[in-house]
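Presented below is the structure to which this report refers.
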Amino acid sequence: MVLNFYAGPTALPAPVVEQIHADLTNFQGTGMGVMEISHRAPEIEFLIADAAERTRGLLGVGRDWEVLFVQGGGSLQFCMVPVNFSGPGDRVDYLDTGYWARKSIAEARTLGRDVAVVASSADRDYRYVPVAAAIRARPDARYLHLVTNNTVEGTQLRRLPQSGIPVVADMSSDLMTDVFDGCGCDLAYAHAQKNIGIAGVTMVAVRKSMLERIGGHSELPGQPGRPARPAILDYRTHAAHRSNYHTPPVFSLYVTWLMLGWLAGEIGGLAEMGAINRRKAAALYEFLDETPFYRALAERDSRSVMNVTFTLPTTELIRQFLDESGKAGFAGLAGHRSVGGCRASLFNGVTEDMVARLLDFMHGFARRNQGGTFNG
Ligand SMILES: *Cc1c(COP(=O)(O)O)cnc(C)c1O
């Protein structure tokens, strides 16, 4: 049995995988496999509506929020956000906290928005996140976009800034991992493959009042009468068709629906999931801090609960660590290519027992390679 610490797609909880096995050939007594049923069939229409309902329940938001499921991953949201809430030349504000934040900024620039980076952690190699109080948005900007968990660098923004303008949060790697701050943001999105399922579907939770801000501005200046944006890129299209405007990724949606059921049922809600996730991360950071052979990469106040980035004294030891951990049955411990070193991703599907076994391995590896500590 391989222990999966990949940064996404990643491990699913065992009960979810067992349910998938059963539903592959006979979904809820239909006699059909779940991925063979039409998206217009009542079973699937129910599943999509129920996934939205489960999402509202877990996030603790009411009917004033719309829950949408779309395709295209986190990356398509980098484009949909500016295309819905701003026009060419409009002011839009961004936080620059790392790899994914930079990608979101690049897309807004490609679309010709007037982008301001209102806070950045580039000065210290993205090893920290700016404190909420230091973030000042332009009052006339259409929105402030930020990434709550920086999957690549292993940092996390725990308090959202009070910016006075709508806040849009890329929560691709931490939505549904702890209680949701519904007051702190107006739109939160997350693809499923990190904490809430498999690749193919992206959850968008958005205040209905935010949808009313979607403008009639066109991407094609001087052509009045044309639709402002392609229908498939307009959040209102997906809201009006209850996330069933065109053929949705039925199987991915189904897995997300199961994950949401597992979170609410077996786990007992996001407060409980948050407690488990914080225990997993604390065990790993504590070990890293007390073992001079390893060094955590993120600054203490900014450490991510989801992605623990760390390094070893030499590149040779890193190579050896990755090689031996792979042979010992641990998958996905290499750091992102832009950062190097190592990374253990502790998403919802990773159990406390898996973390304990990783710590055993890391302890043994340090002992076998004694003498290789950091200088100073
Ligand atoms: C993984 C990730 C993305 C990219 O998502 P895709 O679904 O691959 O497009 C975006 N943002 C964050 C924070 C991520 O961790």
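What the table below lists for this structure:
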| quantity | calculated |
| --- | --- |
| Protection-proxy order for peptides 132-140, 277-285, 168-176, each taking the mean of Cβ atoms within 10 Å per residue, highest first | 168-176, 277-285, 132-140 |
| Selected from Thr247, Thr351, Thr55 as most flexible by GNM, with the chain as the system and alpha-carbon contacts under 10 Å | Thr247 |
| Burial order of peptide ranges 79-87, 209-217 (average beta-carbon count within 10 Å, highest first) | 79-87, 209-217 |
| Computed FRET value (nearest 0.05) for Thr30 with Tyr245, which takes r as the C-beta separation and R₀ as 25 Å | 0.60 |
| Gain on full stretching of the segment that runs from Ser338 to Arg56 - 0.36 nm per residue minus C-alpha separation | 98.0 nm |
| Mean residue ellipticity (222 nm) of the chain, computed from DSSP H runs ≥ 4 via -39,500 (n - 2.57), nearest 500 | -10500 deg cm²/dmol |
| Order of Trp257, Trp65 under a 10 Å beta carbon neighbour criterion, fewest first | Trp65, Trp257 |
| Order of Asp23, Asp93 - criterion: other Cβ atoms within 10 Å of each residue's Cβ, fewest first | Asp23, Asp93 |
| Set of lysines with alpha-carbon distance to Lys280 below 18 Å, sequence-local pairs under 8 removed | Lys194 |
| For the range 300-376 versus the range 125-146, the gap between their alpha-carbon centres in whole angstrom | 31 |
| Under 19 Å from the Cα of Lys327 - lysines, other chains or at least 8 residues apart | none |
| Coil-residue GluC sites (Glu not before Pro) of the range 216-311, DSSP, other Cβ within 10 Å capped at 15 | Glu299 |
| Point-to-point label distance, Gln370-Ala132, nm (Cα→Cβ direction, 7 Å offset) | 4.7 |
| Lys, Arg +1 and Asp, Glu -1 on Cβ, resulting dipole of the range 296-376 about Cα centre, debye, nearest 20 | 140 |
| Whichever aspartates and glutamates have a C-alpha closer than 17 Å to that of Lys103, once near sequence neighbours (fewer than 8 apart) are set aside | Asp93, Asp114, Asp125, Glu153, Asp170 |
| Cα-only radius of gyration and Dmax that characterise the chain, units Å | 21.5, 72 |
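Read-outs: derived from the displayed coordinates by stated rules, not from any lab. All values derive from a computational prediction rather than experimental measurement. Glycine gets a Cβ as well: all are built from the backbone with ideal geometry, and neighbour counts include every protein chain shown.
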